[in-house]
Every structure is written in structure tokens, then in C-alpha cells.
Amino acid sequence: MNSIANSKTSISTVSEHTVEIITDSGEGAQKCAHVFGQTCAKMGNGVWTVEIIPAEIEPPAHTTTSTSGNIVRFGTEKITNWGDQSKLAVAFNDQVCLSRHRLDSFDDNCIILHECSWETHEDENVREQYAKAMEEMSSKNYRLIKVPIEEETLKVVDNAQHGKNMFALGLLAEIYQRDLSIIEKQIAHIFRHKPAKITEINVELVKRGMAWARDNLKFQYIIESKPVVENRVVMTGNQAAALGAVAAGMELCAMYPITPATSVSHELAAIIENYGGIVHQAEDEIAAAGVALGASYGGKVALTVTSGPGMALKTEFLALAIMSEIPLVVLDVQRGGPSTGLPTKVEQSDLLSSLYGQPGDAPRIVIAPRSIEECFHSMITARRIAETFRCVVIVLTDANLASGVQQFTRPEFDSRWQQDPVDFSALPEGLRPYDWDPETGLSRRIVPGTPGGQHTVTGLAHDESSKVSYDPESNERGCRMRSRKLAVLQSTLLPPPIYGEEKGDLLVVGWGSTQGAIEEAVDRAHDAGLSVSSCQLTFLSPLEPGLKEIFSRYRKVMTVEINYSDTIGDPYITEETRRYGQLAWILRAQTLVDIDCWTSCPGQPLRPNDIYNSILEKIK
Amino acid sequence: MNSNVISLLNLENDNPQCLAAEDYQKDEGKWCAGCGDFGALNAVKRLLAKEQLKPEKMAFVSGIGCSSRFPHYVNAYGFHGIHGRALPIATGLKLARPELDVFVVMGDGDCTSIGAGHWIHATRYNANLTVLLLDNNIYGLTKNQTSPTSPQGTISNTSPSGSVLPPLDPLQATLGVSNASFVAQTADWVPAHLYATLQAAYEHRGFSFVRILQRCPKFTPDVFTEQVKNPDLTELLVHENGVNAPGLDKLFKASREHDPTDIDEARALAQRTDLLRLGMFFRDESFPVYDDIRTVSPVSAQEKIRKLEKEFDRYAV
């Protein structure tokens with residue numbers, strides 16, 4: 001950090017910062033963070049935004065359970081994850097501040113700009129609560145700065161609830177020297193359907209925040225940016241998945257509301273009818289799978305969108321799709337489990353149930369996007385694989401990707417991403433609905449309406465003609481053909497790329513959304529002179545090829561996952577009793593390599609620092 | 001078979017271009033001799049021949065149970081799905097391919113028990129489906145368990161001392177759902193009425209719900225014996241817009257003029273237990289049909305890309 005000594009303001013140049021805007025639910029933190037993040041992105045910074053969401057819509061205000069807000073991490077280089085603790089926070093009251101403190105969300109030297117009116121509030125209890133919070137937080141070296149957010153906001157508007165967020169935006173704009181003209185355009189865009197006066201008032205609040213910071217804060221940060229050389233877009237993972245579904249030509253999404261997946265259907269519902277498709281809100285998760293399956297049977301490749309508990313309900317339909325070889329794409333936005341678990345929070349705990357969550361042998365394809373960009377492209381891949389292999393494809397994202405915001409290269413659309421029209425030409429005599437190629441298990445998909453193709457699809461064991469057959473040979477052949485398709489798909493995949501050296505002391509293996517945090521931790525380990533590489537898997541079923549050979553080049557291999565695993569040394573936990581992280585189970589079984597794991601399920605994304613510490617621990 | 005059965009199956013087929021009822025038969029039905037499902041299958045085949053439906057342009061969707069083997073026996077596309085879930089599959093198919101004729105065949109366990117949630121909501125969606133509830137008041141395939149429609153006191157493997165609850169009436173339940181547009185009841189032992197009811201159901205634009213009363217020769221052979229033996233215990237609902245099966249007035253003395261647009265009378269009649277009532281309880285084509293209101297114009301791949309470019313402009317940095 002370079003500090004320029006200045007009699008008035010100290011200006012520091014840093015490569016990145018993490019900022020929190022924390023408020024009671026409904027005080028507009030999201031809007032503030034959204035404009036701030038967008039402005040940073042437009043100025044050429046790398047950005048990653050994470051929402052802090054209470055599970056309730058309107059929890060009691062001014063309590064530690066009411067915290068709502070956003071974390072914005074931005075920097076000179078590309079930002080791939082939410083990073084470590086926050087360096088600066090704007091808090092609308094002491095209790096939301098305290099809740100973040102208790103979650104260890106603030107860096108030890110965090111600057112906390114907080115509303116000061118609570119200190120002198122007319123209610124003694126409020127004053128006391130404030131004093132206690134300050135006392136509790138004094139255990140850290142926070143720089144607590146009192147800001148009259150409400151008082152200043154009331155100079156512009158009558159109701160501070162509708163304005164404090166823009167004042168806070170002004171504080172941040174001044175501290176990080178954001179371009180006001182970009183902010184103004186963003187605000188005008190948000191309020192484009194409202195009278196121009198609304199935009200003016202909001203911009204006035206931003207300016208007031210900037211002025212207050214200029215007059216009262218003696219510090220600023222410079223985060224340099226690089227010129228933007230490519231067209232980029234910025235969105236959440238759920239938005240990316242929804243747009244990916246449209247780009248893939250999916251014309252039916254059947255769903256039932258479930259957090260944190262629902263917003264995919266919101267995005268789709270807003271636009272899909274312009275693309276010849278619909279969102280069907282079904283009566284339950286089971287029916288959502290059934291309607292999607294029925295539509296796929298009818299020649300569409302349909303989508304159903306859900307999260308863990310919904311996956312559990314859909315299992316019988318997924319098995320039917322697998323058995324009848326009807327293509328179906330399922331997006332599972334993972335949350336914490338089991339049962340209702342952590343509805344709004346991230347976990348990577350649906351891997352094993354996605355692979356094995358059906359009775360009988362039910363091979364299906366499972367892919368996990370590693371970034372918000374991949375949330376978009378995965379939907380296109382999923383649709384094509386589902387159709388080519390007449391198979392269920394499960395796309396596993398998670399709450400981190402779902403509501404995280406990141407820029408990525410604007411896709412160049414390709415009409416081949418769209419589904420080909422269904423071939424309704426009459427079938428040649430003798431063609432059967434499951435004319436499996438004995439090598440590959442692949443067969444032509446016959447859609448109702450095709451002359452000469454009449455057959456009855458069944459979830460019962462069947463032969464090539466789809467006739468119910470319980471004889472040993474038919475059943476074994478069906479199992480073999482359905483399974484063979486996965487091996488065939490694997491034969492088309494490349495081994496996963498290695499991040500770092502091609503051999504060494506430790507290989508960290510992750511899957512899905514943890515890529516950014518893992519690679520950042522690997523960079524730190526590398527900087528510290530450690531021989532550590534990583535590898536992030538996208539295909540979980542089938543696995544990408546060559547894993548055993550890759551693992552053989554490292555002295556140790558460990559997975560890093562956001563799920564539960566036992567720790568050896570805990571009561572009763574030994575080599576024999578230890579339950580591993582979910583990817584570790586699969587890799588151990590598949591490769592017979594003694595793979596270790598470090599997992600954590602805190603209901604939030606992994607921090608690079610925690611992963612780095614696990615590397616230090618395991619590399620010994 | 002009962003002596004009252006009037007066989008109308010053997011239609012003459014002089015035109016080779018024309019498909020006869022037997023042309024719609026696929027595999028031989030593997031139900032028990034005397035099963036009511038045969039009567040429903042025969043009536044359906046006659047309907048298909050009457051309408052000259054192209055086998056590739058229709059689909060039969062079923063769940064699980066004896067009656068759900070139905071699609072295997074019809075020369076059409078078929079989907080023998082999972083227990084209770086025929087309606088979501090059929091709804092999805094109809095949304096994807098509204099031009100297909102889609103028939104749904106369910107048993108009483110399928111529709112009124114494990115799939116009851118779908119039944120209520122499919123009724124409300126009012127997709128253009130022809131829906132047959134083959135109701136023999138018992139679980140047959142799993143061998144004699146009480147069903148929601150079993151009369152109170154039914155002795156079965158799960159209620160050896162007699163079932164304890166009064167039965168669920170599918171007609172009352174369906175008539176209670178908003179947007180229900182077609183509710184009729186018929187019986188396997190009156191084939192002419194069965195055929196005429198299916199004809200009306202097929203012609204109705206919307207969710208045509210037909211409850212077909214029938215007997216399981218193994219487990220409920222006597223459940224309608226009184227009504228079969230004594231036609232006076234049955235009242236026909238007749239109306240110019242109802243089910244019209246010629247000649248049945250000679251068999252059934254009791255008949256009632258019931259306007260099928262009268263929902264209040266339909267509900268009142270469904271609730272009465274004095275007589276067995278066959279015919280059209282309710283029909284109204286003015287209700288929105290799901291596959292009509294959810295139909296959107298197709299968009300070419302090129303056009304989609306043009307629109308997506310605009311969409312992405314919203315997210316451009």
C-alpha cells in the first residue's frame with residue numbers, strides 16, 4: 001500500500017478492496033451496491049458482488065437478524081470470488097454491524113462508517129444497545145467512524161428510508177473516487193420509468209454523500225483500472241443461466257418456487273415468451289419435472305429449475321426420464337441441506353444425491369459451472385448433451401453463483417446453440433424406439449407425430465421396441481446401453497486443465513463455484529514458495545478423463561468443497577469411520593487414490609485465506 | 001359379461017383407407033377376464049375409428065396400475081409413466097404439441113390418491129385433454145388394498161375389518177375446482193353410454209373428466225351388482241347438450257333433464273346418493289384452455305439471436 005502523506009487527505013493506492021453495505025431489510029442496500037458495482041465495472045475494475053440476504057422478507061428492524069446488504073469486492077485485476085474479510089463497511093445501524101462482526105466478516109482494521117444517531121436516540125434501550133455493540137466491537141482494531149447518515153439524508157428528502165442508500169453511495173463514490181457521470185447514468189436508468197425529479201433527488205443525495213466525505217473523512221483509496229478491451233456483460237449466475245437457457249433454444253421451463261433457484265424463472269418469465277417459450281409454474285416440484293418431461297417427450301428439450309429439497313421430490317421423474325431416455329435438463333441451484341437447511345445460503349451438498357439419488361442404476365450427466373460465465377454456457381452444453389445422449393443432464397450451480405455478480409466476455413451467439421427442428425419424416429420400416437447402437441448405446445429419438453413411430457414409452461424394463469420385458473437379457477442390455485452413453489461422452493472430453501505446475505507436492509481439486517477462491521489460495525501458496533497446483537472439475541458424471549494419471553504426479557491430493565466431512569481426531573472419527581467430502585468420495589472410488597479433503601459448510605462461500613490455511617495444514 | 005351389455009364393437013369396414021376399431025388395437029390386453037378396462041378400451045377404439053384419428057397424431061398417457069397398461073394396447077403414441085403423475089406429463093406434452101390429441105388414463109389410486117394434487121390442478125389448468133378415470137374402487141395391481149373411492153366397510157388386505165372412511169367422490173371433488181369445464185360419469189356395463197360419453201369428452205375443448213365406474217373381477221366383482229341387476233337404481237342425466245346414447249331410455253326408466261351448464265344443480269346431483277347417476281354433470285366451453293392461453297408464436301433461431309443481442313445490451317458494461 002502506497003500512502004501519500006497529505007495535510008488534508010491521505011490517499012492510498014491499493015490493488016483491491018472489499019466493501020460492505022449493511023442495512024435493515026428494505027433500506028435499499030442492494031440498489032446502492034448494484035450502482036456501485038456497476039460503476040466499478042464500467043470504470044474497468046474487476047468486480048464480484050455477493051448479497052447478504054435474511055431468510056425472512058421483513059424481519060424485525062434494528063436487530064442482528066435483520067441484516068441485509070451486499071459485499072462488493074473490486075480491484076485492478078479480474079476478481080473471481082468474494083475474497084477475504086471486508087476492508088470498509090457502511091452500516092445503517094449498530095445491530096447489523098454487530099451481526100457482521102460476530103460472523104467475522106470484517107478485517108481487523110476495517111473502516112466502519114456507521115449511523116451515529118442511535119447513540120443519542122430518545123429511547124434509552126436503543127442507546128444502551130448501541131453502547132453495548134460498540135463495546136463488543138472494541139475487541140478489534142476497527143476504525144469506527146460516526147456518520148450522520150439520516151440527518152444528512154433528511155436535508156434532501158422527507159423520509160430517510162428512501163434515500164439513505166444513495167447518501168451511502170455518495171460516501172463510497174468519494175472514498176474510491178468513482179466517476180459521478182457513470183453513477184448519474186445508472187441512477188437515471190434505474191428510475192427511467194419514474195418522473196425525472198426522482199433521478200434528480202437521488203443524484204442530489206449522492207452528491208451530498210460525496211460532499212460529506214470530502215469535508216469529514218481524511219482518507220481516500222485509489223484502485224487503478226485497466227482499459228476495457230473487449231465487450232463485457234455483468235450479471236448474476238441465475239440471470240446468466242436463464243439467458244443461457246434461452247440461448248440454448250429451450251422453450252419450456254417448468255418450475256415451482258424455491259430459494260435460491262426461483263430468480264432463474266423470474267428472469268425467464270420476463271423474456272421467454274418473446275422467444276417462443278413459456279414458464280409453467282407447476283403445482284409442485286414433482287409436477288414441474290413431469291411437465292418438463294412431457295414437453296421433452298413432445299420434442300422440446302425442456303428445463304426444470306430447483307434446489308436441493310426440490311431435487312429430492314423430483315427423483316422419481318428423473319429416473320423415468322433416464323429409463324425412457326427422454327432428454328431433460330435440470331438446474332439445481334444448491335443451498336445448504338439436509339431438509340430445509342439453509343435456504344438462502346451456499347453449499348455443495350447435492351453432488352452425491354445428483355449422481356445417485358434414484359433407486360436402481362440410473363446413470364445421468366452432471367455438470368457444475370465454475371463461474372457466472374459458465375452458468376450461461378453450461379445451459380447450452382446441457383441442452384445439446386441431453387438431446388444427443390437422450391439423457392438427463394443436471395447442472396449444479398449454487399447460491400454463491402446464483403446471486404453473485406461478475407463481468408464476463410459478452411458471448412458471440414451461434415444459431416447452432418439452438419435446438420434443431422424435430423424431424424417428423426416417416427420412419428423407415430422396422431426402426432425401433434430403442435435401436436441402441438451396440439457400441440455407444442445411442443439411438444434415434446422418436447417424437448410423437450412421426451408417422452410409423454408409434455410406441456409406448458415405459459418406465460418398466462423394456463426391449464428395443466419399448467415392449468415391457470422382464471427377461472434377464474433385456475434388463476441387462478438396457479442397463480448396459482444406458483450406462484454406456486456416459487463412457488461415450490467421457491471419450492469426447494479433455495482432461496481438466498491444471499492451474500499451476502503440472503506436478504508437485506499438493507494438488508487441490510475443486511468443483512463448481514469454488515474455482516476463483518481456490519486459485520487465489522493457490523497463488524498465495526505459490527508466492528509463499530509452496531509447490532501447490534489446483535484443478536477444477538466441471539464434469540462430475542462422467543468425470544473428465546485422465547484424473548488418475550494427473551493425481552499420480554502429486555505427492556498429495558485433496559479436495560476443497562463447501563460441504564461436510566469428518567475430521568480425523570474428533571471423537572470416534574478414524575480412518576475407518578471418517579466420512580469424506582462428496583467429491584472426495586467419488587474420486588477415491590474412481591481412482592483408488594488416497595485423496596484427502598478439506599471441507600467447510602459455513603453457509604457462505606469459501607474464503608481464499610481459509611483455503612490457504614488448509615493448504616498449509618495438509619501440505620505438511 | 002352382463003346380459004345388458006350392448007356390443008357395438010363390430011362395425012363393418014368397407015373402405016380400406018378407413019381405419020376400423022381393430023386397427024387401433026396394438027398388443028392384446030393382458031387384463032383379467034371380465035375386467036372393466038376392456039370395456040373402456042373397446043369404447044376408445046370405436047371413438048378413434050369414428051373420428052378416424054391418425055395413430056401418430058395422438059398420445060395416450062397413463063400412470064401406474066392395471067388401467068395404466070392401457071397405452072400398450074392402443075395403436076398410438078403412448079406414455080406409461082409413474083404412479084399418479086400422468087397428468088403433469090400429459091400437460092407438458094400438450095403444451096409442447098397442442099396439435100396432438102392427448103388422452104389420459106388413470107385408475108382411482110392414480111388419480112384420487114397419489115396423484116390427487118395433480119388432478120386438482122390439472123382440472124384448473126383446463127388443458128385440452130380427454131381424461132379417463134377408470135374407477136373400480138380398489139387397488140388391483142398391488143392386490144386388493146382399499147382405495148379412496150372404496151365404499152365404507154370394504155374388506156381388503158389393508159382394511160380386513162372393513163374400511164373406516166366414507167369414500168371420496170371424484171365428481172364432487174372435480175366439480176369443486178374452479179375452471180373445471182367438463183365432468184361426466186359413465187359405467188363399464190353400459191357400453192353405449194360409455195361410448196357416447198367418451199365421444200362428448202373428446203369433442204369438448206378443455207379438460208374433459210370422465211369417471212368410468214367399473215368392476216374388478218378379482219377384488220370388487222360385486223361393487224355395482226345391485227345397479228347392474230336393477231336398472232331402476234340408475235338415473236340417466238339427459239339434455240340436448242349432454243350425453244346422448246340412443247335407445248337407453250328403454251333400459252333406464254329413471255332419467256332427468258339436467259342442463260350441464262348448471263353448476264349448482266351439477267354439484268347437488270353429485271352429492272346425492274339415492275341413485276347412481278350417469279351422464280353429463282357439467283360442461284362449459286367458455287373457460288380458458290391452458291394450451292390456448294399459453295401458446296406463443298414460434299420464433300426463428302436467427303430472430304432469437306437478434307433479440308438476445310438486445311437482451312445482453314441491458315447487461316453490457
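The values are calculated or read from the model by the stated rules, or taken from the named source; none is laboratory data. Remember, predicted model here, so these are calculated numbers, not experimental data. Cβ placement follows ideal geometry from the backbone for every residue including glycine, while neighbour counts extend to all protein chains displayed. Side chains are part of the model used for accessible areas, which takes the heavy atoms of the whole protein and leaves out ligands, DNA and RNA. Shrake-Rupley method; radii C 1.70, N 1.55, O 1.52, S 1.80 Å.
Considering only residues that are of a type in the set (A, V, I, L, M) and touching a Phe, Trp or Tyr at 6+ places or on another chain (Cβ under 6 Å), look in the stretch B:67-88 and name the one that is nearest to B:Gly34 (Cα to Cα).
The first filter runs over the stretch B:67-88 and keeps only residues of a type in the set (A, V, I, L, M), leaving B:74, B:76, B:82, B:86-87.
Next, from what is left, pick out any that are touching a Phe, Trp or Tyr at 6+ places or on another chain (Cβ under 6 Å): B:74, B:76.
Details: B:Val74: 19, B:Ala76: 24 Å.
Filtering the stretch B:67-88 for residues that are of a type in the set (A, V, I, L, M) and touching a Phe, Trp or Tyr at 6+ places or on another chain (Cβ under 6 Å), the one nearest to B:Gly34 (Cα to Cα) comes out as B:Val74.
Quick grid of which residues meet (1) out of contact with any helix residue (DSSP H, G or I) (no Cβ under 8 Å at 6 or more places or on another chain); (2) assigned to a loop (DSSP other than H, G, I, E, B); (3) hydroxyl-bearing (Ser, Thr, Tyr); (4) in contact (Cβ under 8 Å) with a residue 12 or more places away in the chain:
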residue: B:Thr186; (1), (2), (3), (4): no, no, yes, yes
residue: B:Leu198; (1), (2), (3), (4): no, no, no, yes
residue: B:Cys216; (1), (2), (3), (4): no, yes, no, yes
residue: B:Thr220; (1), (2), (3), (4): yes, yes, yes, yes
| Out of all the residues in the stretch A:598-618, which are over 19 Å from A:Ile52 (Cβ atoms) and hydroxyl-bearing (Ser, Thr, Tyr)? | A:Thr599, A:Tyr612, A:Ser614
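Hey, could you check the stretch B:238-259 for residues that are among the small types (Gly, Ala, Ser) and without any contact (Cβ under 8 Å) to a residue 24 or more places away in the chain and say which is most open to solvent (accessible area, probe 1.4 Å)? Reasoning before the result, please.
Keep residues of the stretch B:238-259 that are among the small types (Gly, Ala, Ser), which gives B:242, B:245, B:247, B:254-255.
Among the residues that remain, those that are also without any contact (Cβ under 8 Å) to a residue 24 or more places away in the chain are: B:254-255.
Numbers: B:Ala254: 26, B:Ser255: 67 Å².
The qualifying residue most open to solvent (accessible area, probe 1.4 Å) is B:Ser255.
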| field | Selection count, the stretch A:279-303, where residues are open to solvent by 10 Å² or more (accessible area, probe 1.4 Å), facing chain B (nearest Cβ under 7 Å) and touching an Asp or Glu at 6+ places or on another chain (Cβ under 9 Å) | value | 2
| message | It is to be established whether one or more residues within the stretch A:222-234 are within 18 Å of A:Ser371 (Cα to Cα), outside any loop (DSSP other than H, G, I, E, B) and either more than 20 Å from the chain's Cα centre (by Cα) or hydrophobic (A, V, I, L, M, F, W, C) (or both). | response | yes
| request: Search the stretch B:266-288 for residues being open to solvent by 60 Å² or more (accessible area, probe 1.4 Å) and in a helix (DSSP H, G or I), and hand back the single one that is farthest from the other protein chains (Cβ to nearest Cβ). | output: B:Gln271
| What is the one condition in (1) of a type in the set (Gly, Ala, Ser); (2) at pLDDT 95 or above; (3) under 16 Å from B:Tyr77 (Cα atoms) that A:Ala426 does not satisfy? | (2)
| field | Within the stretch B:63-109, considering residues that are assigned to a loop (DSSP other than H, G, I, E, B) and more than 9 Å from chain A (Cβ to nearest Cβ), the one farthest from the chain's Cα centre (by Cα) | value | B:Pro98
| query | Restricting attention to the stretch A:216-238, does a residue exist that is touching a residue at least 12 places away in the same chain (Cβ under 8 Å), under 30 Å from A:Tyr297 (Cα atoms) and not aromatic (Phe, Trp, Tyr)? | reply | yes
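Could you list all residues from the stretch A:561-577 that are assigned to a loop (DSSP other than H, G, I, E, B) and buried (at least 16 other Cβ atoms within 10 Å of the Cβ)? Steps first, please.
Of all residues in the stretch A:561-577, those assigned to a loop (DSSP other than H, G, I, E, B) come to A:562-567, A:569, A:571-577.
The answer is A:Ile562, A:Asn563, A:Tyr564, A:Ser565, A:Asp566.
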| request: Please determine, by comparing only the residues of the stretch B:289-317 that are part of a helix (DSSP H, G or I), under 39 Å from the mean Cα position of the chain (by Cα) and exposed (fewer than 15 other Cβ atoms within 10 Å of the Cβ), which one is farthest from the other protein chains (Cβ to nearest Cβ). | output: B:Asp292
| said: Being buried (at least 17 other Cβ atoms within 10 Å of the Cβ), farther than 12 Å from A:Val35 by Cβ and not basic (Lys, Arg) narrows it down to one residue among A:Ala168, A:Ala211, A:Ala173, A:Ala160; which is it? | reply: A:Ala160
| Quick one: how many residues across the stretch A:373-388 are open to solvent by less than 20 Å² (accessible area, probe 1.4 Å) and more than 14 Å from chain B (Cβ to nearest Cβ)? | 4
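I need a count of the residues in the stretch A:197-243 that are among the hydroxyl-bearing types (Ser, Thr, Tyr) and within 14 Å of chain B (Cβ to nearest Cβ).
At the first step, the residues of the stretch A:197-243 found to be among the hydroxyl-bearing types (Ser, Thr, Tyr) are A:199, A:221, A:225, A:236.
Narrowing further to those that are within 14 Å of chain B (Cβ to nearest Cβ): A:225, A:236.
Counting residues in the stretch A:197-243 that are among the hydroxyl-bearing types (Ser, Thr, Tyr) and within 14 Å of chain B (Cβ to nearest Cβ) gives 2.
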| message | Being open to solvent by 20 Å² or more (accessible area, probe 1.4 Å), among the acidic types (Asp, Glu) and either more than 29 Å from A:Glu412 (Cβ to Cβ) or more than 24 Å from the chain's Cα centre (by Cα) (or both) is the requirement here; does A:Glu267 meet it? | response | no
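Would you mind stating whether A:Glu347 is under 30 Å from A:Ile562 (Cβ atoms), in a loop (DSSP other than H, G, I, E, B), among the charged types (D, E, K, R) and open to solvent by less than 50 Å² (accessible area, probe 1.4 Å)? Quick ask: steps written out before the conclusion?
Details: under 30 Å from A:Ile562 (Cβ atoms): yes; in a loop (DSSP other than H, G, I, E, B): yes; among the charged types (D, E, K, R): yes; open to solvent by less than 50 Å² (accessible area, probe 1.4 Å): yes.
Against the criterion (under 30 Å from A:Ile562 (Cβ atoms), in a loop (DSSP other than H, G, I, E, B), among the charged types (D, E, K, R) and open to solvent by less than 50 Å² (accessible area, probe 1.4 Å)), A:Glu347 qualifies.
In the stretch A:436-459, which residues are part of a loop (DSSP other than H, G, I, E, B) and touching a residue at least 60 places away in the same chain (Cβ under 8 Å)? Steps first, please.
The initial filter retains those residues of the stretch A:436-459 that are part of a loop (DSSP other than H, G, I, E, B), namely A:436-455, A:459.
Within the stretch A:436-459, A:Ser443, A:Arg445, A:Val447, A:Pro448, A:Gly449, A:Gly459 qualify.
Check whether at least one residue in the stretch A:509-518 is open to solvent by less than 50 Å² (accessible area, probe 1.4 Å), assigned to a strand (DSSP E or B), assigned by TED's automatic domain parsing to the domain that holds A:Arg555 and not aromatic (Phe, Trp, Tyr), and report yes or no. Break it down into steps so the answer makes sense when it comes.
Initial filter on the stretch A:509-518 (open to solvent by less than 50 Å² (accessible area, probe 1.4 Å)): A:509-518.
Of the ones still in play, those that are also assigned to a strand (DSSP E or B) are A:509-511.
Retained after the next criterion (residues that are assigned by TED's automatic domain parsing to the domain that holds A:Arg555): A:509-511.
Okay, now just the ones that are also not aromatic (Phe, Trp, Tyr), so A:509-510.
Yes, because at least one residue in the stretch A:509-518 is open to solvent by less than 50 Å² (accessible area, probe 1.4 Å), assigned to a strand (DSSP E or B), assigned by TED's automatic domain parsing to the domain that holds A:Arg555 and not aromatic (Phe, Trp, Tyr).
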